[in-house]
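Peer 1: Right, I'll just put the structure down here and ask away after.
The values are calculated or read from the model by the stated rules, or taken from the named source; none is laboratory data. Nothing here was measured: the structure is a model prediction, and the numbers come from that model. Ideal geometry is used to build each Cβ from the backbone, glycine not excepted, and the neighbour counts take in all protein chains shown.
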Amino acid sequence: MKKQLIAAAVAASMSAVAMADISITGDAKFEYDNTDTAGTSSNTTATEYHLNVTGKSGDTTVVMKFELDTDGTGNMDLEDNYISTKVGDISVKAGNMASGTGALLGEIDNGGRERKATLGYKMGAIDVYAGSTAGAAANVDGDQAINNNMYAGVKFNVAGNAIELKKNNDTKDSFGIKGSMSGINYRYEAKDEDSTGNASYVAVETTVGGMTIGYAVLDADAASQLTEDDSSEFAQSIAAFQDSANEKYYNMSTSQTATGQKQFRSGTTVDGTSITLKSGTIEKGISATTDLDYSQIQASRKLSSGSTLVLTYNDRDYIASSGGAVSSVENVEVELNVKF
């Protein structure tokens with residue numbers, strides 16, 4: 001009888017967990033880096049883990065994302081944490097979250113995590129949204145003013161093209177369109193800021209004979225307009241050169257001067273191994289008068305164990321000090337990662 005009661009209790013508890021509708025996913029990676037800077041070699045290793053917890057109840061979803069990065073302090077970091085739900089026909093998403101490089105202006109602006117709240121409404125084929133991001137702290141309790149951080153936008157499709165127009169804040173507007181035409185995929189995005197001018201991003205891609213070919217361009221009126229430092233398109237991010245503590249992205253000038261970038265990309269798959277080649281130029285990447293050239297080749301292969309092995313070779317221009325000779329930084333990275 002006792003065994004039956006215990007079995008019933010265990011079954012009840014397992015049923016309660018299942019009814020809670022909680023899922024846990026994540027990823028982990030180990031990296032080895034060898035960097036040769038003008039003939040001086042260094043070796044580093046790093047591990048990085050992400051754990052994503054998602055809970056659902058009806059139309060409400062709660063998301064929490066954790067990161068443990070032993071390359072830095074080794075502390076657990078709570079990244080995205082937000083709630084999405086519905087109030088009648090209005091969708092609500094609120095909390096601390098980041099926008100990825102696939103979002104509008106994702107390759108131009110750094111979509112860093114910040115507190116925000118968005119309300120959305122579907123009007124036929126048009127999605128309308130509005131919300132606010134947190135401003136500067138207003139008091140000792142950490143409450144933050146919305147003031148001029150309100151935003152609003154619309155999303156819709158025209159002939160298979162996804163279009164988005166957004167009023168980012170009281171001084172910035174943006175526009176984006178992406179789609180495909182005659183076998184060519186394209187994406188164009190632009191922003192206009194009252195104080196610093198315009199910036200744009202355009203990328204095109206097609207596949208010919210099993211090989212994917214792409215070309216991407218960034219252009220801005222001022223260097224301060226380009227703040228994305230973890231690009232998914234470019235082998236080298238312009239804003240990353242401001243990080244003098246990172247060997248792979250050592251700042252070659254005293255401040256960011258780059259106002260544009262052009263990159264050619266090609267890729268194919270050989271016997272299950274994905275191979276990608278990127279070659280580009282960061283305009284004024286070394287100084288206001290000197291461009292920065294770079295190239296990258298990467299091979300990625302899914303292993304039978306469930307993990308993925310990624311080998312990356314980077315080569316880019318380098319100058320140790322203002323007025324010095326241009327040499328190069330070569331970096332070899334071996335990465336083993338897994339998703340679960």
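Peer 1: Which residues, taken from the range 288-340, are modelled with pLDDT under 95, within 25 Å of the chain's Cα centre (by Cα) and of a type in the set (V, I, T)?
Peer 2: Correct list: V329 only.
Peer 1: In addition: What about G26, is it more than 30 Å from A199 (Cα to Cα), surrounded by 15 or more Cβ atoms within 10 Å (Cβ to Cβ) and touching a strand residue (DSSP E or B) at 6+ places or on another chain (Cβ under 9 Å)?
Peer 2: Yes.
Peer 1: Residues that are at pLDDT 80 or above and either in a helix (DSSP H, G or I) or not polar (S, T, N, Q) (or both): does the range 6-19 have at least one?
Peer 2: no
Quick grid of which residues meet (1) more than 18 Å from the chain's Cα centre (by Cα); (2) modelled with pLDDT under 95; (3) on the phi < 0 side of the Ramachandran plot; (4) in a strand (DSSP E or B):
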residue: V62; (1), (2), (3), (4): yes, no, yes, yes
residue: F66; (1), (2), (3), (4): no, yes, yes, yes
residue: G74; (1), (2), (3), (4): yes, yes, no, no
residue: I83; (1), (2), (3), (4): yes, no, yes, yes
residue: S91; (1), (2), (3), (4): yes, no, yes, yes
residue: I108; (1), (2), (3), (4): no, no, yes, no
residue: G111; (1), (2), (3), (4): no, yes, yes, no
residue: Y129; (1), (2), (3), (4): yes, no, yes, yes
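Peer 1: Can you pull out the residues in the range 160-198 that are touching a strand residue (DSSP E or B) at 6+ places or on another chain (Cβ under 8 Å), farther than 24 Å from V128 by Cα and in a strand (DSSP E or B)?
Peer 2: Of everything in the range 160-198, those that are touching a strand residue (DSSP E or B) at 6+ places or on another chain (Cβ under 8 Å), farther than 24 Å from V128 by Cα and in a strand (DSSP E or B) turn out to be I184, N185, G197, N198.
Peer 1: Among (1) out of contact with any helix residue (DSSP H, G or I) (no Cβ under 8 Å at 6 or more places or on another chain); (2) in contact (Cβ under 8 Å) with a residue 60 or more places away in the chain; (3) of a type outside the set (A, V, I, L, M, F, W, C), which single condition is N314 missing?
Peer 2: (1) is the only condition that N314 fails.
Peer 1: For T196, work out the one condition from (1) surrounded by fewer than 16 Cβ atoms within 10 Å (Cβ to Cβ); (2) of a type in the set (S, T, Y); (3) modelled with pLDDT under 95 it doesn't fulfil.
Peer 2: Tallying (1) surrounded by fewer than 16 Cβ atoms within 10 Å (Cβ to Cβ); (2) of a type in the set (S, T, Y); (3) modelled with pLDDT under 95, T196 fails exactly one: (1).
Peer 1: Filter the range 175-193 down to residues that are over 18 Å from G102 (Cβ atoms), surrounded by fewer than 16 Cβ atoms within 10 Å (Cβ to Cβ) and either among the β-branched types (V, I, T) or touching an Asp or Glu at 6+ places or on another chain (Cβ under 8 Å) (or both), then give me how many there are. Even if it seems obvious, please write down each step before you answer.
Peer 2: Here is the first cut: in the range 175-193, the residues over 18 Å from G102 (Cβ atoms) are 181-184, 192-193.
Applying the additional criterion that residues be surrounded by fewer than 16 Cβ atoms within 10 Å (Cβ to Cβ) yields 181-184.
Still in the running and either among the β-branched types (V, I, T) or touching an Asp or Glu at 6+ places or on another chain (Cβ under 8 Å) (or both): 184.
Looking only at that region, the number is 1.
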